[in-house]
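K.L.:
Got a structure for you, questions after.
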Amino acid sequence: MAAARLSGTEHRLVSLPLSRIRVIMKSSPEVSSINQDALFLTAKATELFVQYLATYSYKHGRGKEKNALTYTDLSHTAEECETFQFLADILPKKILASKYLKMLEKEKQDGEVREDDDEAEEEEDEDEAVGDSVGS
Amino acid sequence: MAERPEDLNLPNAVITRIIKEALPDGVNISKEARSAISRAASVFVLYATSCANNFATKGKRKTLNAGDVLSAMEEMEFQRFVAPLKESLEVYRREQKGKKEARKDKDKKADSEEQDKSREEDNDDDDERMEEEEPNDEEEVDN
């Protein structure tokens with residue numbers, strides 16, 4: 001592994017810092033304690049996961065022709081591959097702002113007709129209330 | 001162990017190195033892709049922890065152990081990790097055993113260094129510092 005290139009270390013079993021992995025694990029409220037082997041395995045598994053996610057996304061992504069790994073490749077993986085489905089929430093598909101605005105517009109139009117009346121009334125009520133308190 | 005949001009991130013330099021090693025030479029990894037993978041890795045840790053914890057709870061144990069993590073991998077459909085993990089664990093155990101014997105008199109010093117680690121890791125953009133964190137490795141690697 002390339003860790004050998006850096007300074008004098010011959011090899012390293014795991015390159016991610018165990019202390020940080022422990023902090024993340026402990027941030028889960030139901031976990032009370034973790035033994036050293038479990039901590040090591042989780043760190044190592046996370047490394048394997050990073051490798052796997054990167055290679056899988058590269059192989060199945062479109063960036064391959066351009067010799068690049070892009071965000072789109074990753075979000076595509078989260079969407080298409082069942083094993084990586086748990087990432088769907090943090091790797092959402094990107095859409096154009098113009099498309100998003102259209103979506104918002106459409107949603108608005110659907111609910112608008114009824115809501116319009118209610119909102120107008122509420123506003124009036126508030127105005128009155130303010131007027132009262134000032135007057136008294 | 002104070003918990004700030006950035007404590008739940010993994011060091012970018014290390015993540016980038018792992019990605020680069022996994023992909024063919026010369027592949028360009030966008031900045032966005034790197035940070036996405038880094039976030040994914042943190043989520044993976046939490047997911048694995050929670051699965052492993054379920055196994056520990058089932059076994060009426062309070063401490064997560066190696067078996068729990070391995071069972072979690074299977075449950076998460078990462079069976080392909082199980083064999084390489086078992087292998088590394090064996091090497092790790094051997095190493096730890098060697099360390100313990102070599103360390104006996106250095107114990108106190110190592111302990112106090114360990115406590116400082118988490119604070120130092122905040123913005124590891126340089127690899128050198130990563131190397132310094134475990135000063136004992138260099139001497140004991142060859143056994």
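K.L.:
Suppose each label sits 7 Å from its Cα in the direction of the beta carbon; what would the residue B:86-residue B:12 distance come out to in nanometres?
P.N.:
Here the modelled spin labels are 3.9 nm apart.
K.L.:
How charged is the neighbourhood of residue A:86? Take every other residue with its Cβ under 13 Å from the Cβ of residue A:86, and add Lys/Arg as +1 and Asp/Glu as -1.
P.N.:
Net of charged neighbours comes to -4.
K.L.:
Measure up A:26/B:104; A:44/A:93; A:66/A:106; A:44/B:97; B:58/B:97 against 26 Å on the Cα-Cα distance and list the ones that go over.
P.N.:
A:26/B:104; A:44/A:93; A:66/A:106; B:58/B:97
K.L.:
Next up: Under a Cβ-Cβ cut-off of 15 Å, what is the net charge of the residues other than residue B:22 that fall near it, where Lys and Arg count +1 and Asp and Glu count -1?
P.N.:
That works out to +3.
K.L.:
Return the distance in nm (one decimal) between the two label points of a simple spin-label model at residue B:32 and residue B:100, each offset 7 Å from Cα along Cα→Cβ.
P.N.:
5.0 nm
K.L.:
Return the FRET efficiency for the residue pair residue A:60, residue B:57: r is the Cβ-Cβ distance, R0 is 25 Å, and the value is rounded to the nearest 0.05.
P.N.:
Result of the calculation: an efficiency of 0.10.
K.L.:
I would also like to ask the following. How far apart, in nm, are the 7 Å Cα→Cβ label points at residue A:82 and residue A:28?
P.N.:
Those two pseudo-labels are separated by 2.2 nm.
K.L.:
Between residue A:35 and residue A:100, what FRET efficiency follows from the Cβ-Cβ distance if R0 is 35 Å, with the result rounded to 0.05?
P.N.:
E between residue A:35 and residue A:100, to the nearest 0.05, is 0.15.
K.L.:
Sticking with this one: Whose amide H sits under 5 Å from the amide H of residue B:23, counting only residues 5 or more places off or on another chain, with H placed in the peptide plane?
P.N.:
Result for residue B:23 returns nothing.
K.L.:
Among rounded, prolate and oblate, which fits the stretch B:21-100 when a ≥ b ≥ c are the square roots of the eigenvalues of its C-alpha gyration tensor, a/c under 1.5 means rounded, and a/b larger than b/c means prolate?
P.N.:
Oblate shape, in that a/c is at least 1.5 and b/c is the bigger or equal ratio.
Read-outs throughout are calculated quantities, based only on the coordinates presented, and are distinct from any laboratory measurement. Keep in mind it's a predicted model, so treat the numbers as computed, not measured. Counting neighbours? That spans all protein chains shown, and the Cβs are built from the backbone with ideal geometry, glycine included.
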